[in-house]
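Notes for the one structure printed next.
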Amino acid sequence: MSIPPSPVRLPAGVRDLLPRAAARRRAIAERVLAELEAWGYPRLITPVFECADVLERGLGADARAAALRFVEPGSGEVVALRPDFTPQVARIAATRLADVDGPLRLCYEGAGNRLTSPTRGPLAQREILQAGIELIGAGGVDGDAEVLAVASATLAHLGVEAAPLDVGHVAPARWVLAGVGDEARPALALALARKDRQQVARVAAGAPGELPALAVALVGLTGPADDALARARALPWPAAVDAALAELVAALAAAARLYPGARFTVDLGDLRGFDYYTGLRFAGYARGAGDAVLRGGRYDELVGRYGRPARAVGFAVDIEAIAQAQRAAQVAPPRPSPGALVVAADDVGRATAAAVAAALRAAGVRAAVDLATGAAAARLRYAAETGWTHVLELAAATAHEVAATTTTPIPATAITAAASGDGLALATILTGRS
């Protein structure tokens, strides 16, 4: 008795992207990479999986829990699919690029895989398309300012309605949390994360000195950057927190000089990434996306875990979230580049069609010989469904523009030249280039 085949399916958390959806995401990734490279961040490519114990040195607690692990058959090593690119870039900086004398600017793009948090229900895989940068070996105001400027410029060029970058610093909340007892700390962190002023006051009530008042104040230290930071700096923080806030003020000012279009809000009570970042943290939001489309911050302790201490700061763009925001803003997916489906009159004409298609490709136009048979209307529908912009009928010397359903006569000289290997004139007609 034969066993019936299993249903055709995908694992939870992954999906196919058909040509139009893939084109949108590819265009987003290419636009992000173009902006990052314009600021001097060359791209590197990292492996999809690494030895789990090496990769996990650079992951925070949440990311370690989210890593997908398996045994590599050849070596028996436990390996993990990358949930995030930053540890891989840190490893490369500390090993392969350890002899570079000066700051490293690097960017990346690709897919990460992680499990959803167990607190949100059953474990499920999620594939995340990301692009981002890491600036390694640059500390303090200058490094923070550059990354904030690059993040602002990147969001400005993606066709979405982006809010000002929401910026914070871990120093105030870290000092407040360190000042309460171990038993109260989780409850205070939860109350701060929820911005529950009354619960913060209750949990912090027994702490010494100014700490209860500062904990409560932390909930409200949010809003336009100048106002929120002025209110924060007027409070009686210890010297280390005062210095961190002064650096944040300077970094925002320097970022605005580097990229005058930069806009910022501040939220000093935001605890996301608290166990991972060591200073600056920030997030970018766009209308139509359900969560941040960009996140980043400073992680000065990570690179040293791979053998070369170095200060570092970076960010990642969530390409899927940007695609969601673009759809909400009714940004059309990128139009297909000019492409011609070349139709031969008969089997004898296929050699000519093949030569014309080759000449068009050499001239920079996508082209292929039509392999189907059928009526012209069916051919136009097929061309529209498969991404061609023109149907080129050699026998009739016409080009049908698929989107506009218009027909353009083609001079016989252009077809003859293309059949002889010179597709420039024909390409000019199809693309409208002068």
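The values are calculated or read from the model by the stated rules, or taken from the named source; none is laboratory data. None of the values given here were measured: they were computed from a predicted structure. Cβ: placed from backbone, ideal geometry, glycine included. Neighbour counts: every protein chain shown.
Results, tabulated for the structure shown:
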| quantity | calculated |
| --- | --- |
| Matching residues in region 23-58 - criterion: being part of a helix (DSSP H, G or I) and either of a type in the set (Lys, Arg) or not assigned by TED's automatic domain parsing to the domain that holds Pro83 (or both) | Arg24, Arg25, Arg26, Arg31, Arg57 |
| Residue count for region 141-196, restricted to those that are among the β-branched types (Val, Ile, Thr) and farther than 19 Å from Ile319 by Cβ | 5 |
| Filter result (touching a residue at least 60 places away in the same chain (Cβ under 8 Å) and in a strand (DSSP E or B)) within region 298-342 | Arg298, Ala312, Val313, Gly314, Phe315, Ala316, Val317, Asp318, Ala340 |
| Checking Ala23 against (1) at pLDDT 90 or above; (2) closer than 21 Å to Leu294 by Cβ, the condition it does not meet | (2) |
| Every residue from region 60-83 that is closer than 17 Å to Arg126 by Cα and in contact with a helix residue (DSSP H, G or I) (Cβ under 7 Å, 6 or more places away or on another chain) | Arg64, Ala67, Arg69, Ala80, Arg82, Pro83 |
| Unique residue being modelled with pLDDT of 95 or more and of a type in the set (A, V, I, L, M, F, W, C) when the list is Val348, Val331, Val356, Val402 | Val356 |
| Residue ranges of helices (runs of 4 or more DSSP H) in region 345-434 with at least 1 members touching an Asp or Glu at 6+ places or on another chain (Cβ under 8 Å) and assigned by TED's automatic domain parsing to the domain that holds Arg24 | none |
| Helices (runs of 4 or more DSSP H) within region 207-294 that include 1 or more residues more than 19 Å from Asp166 (Cβ to Cβ) and at pLDDT below 95 | 211-219 |
| Complete set of residues in region 95-111 that are part of a loop (DSSP other than H, G, I, E, B) and closer than 15 Å to Val32 by Cα | none |
| Any hit, region 196-203, residues being outside any strand (DSSP E or B) and in contact (Cβ under 8 Å) with a residue 40 or more places away in the chain | no |
| When residues of region 115-151 are limited to those that are out of contact with any strand residue (DSSP E or B) (no Cβ under 9 Å at 6 or more places or on another chain) and modelled with pLDDT of 95 or more, the one surrounded by the most Cβ atoms within 10 Å (Cβ to Cβ) | Ala145 |
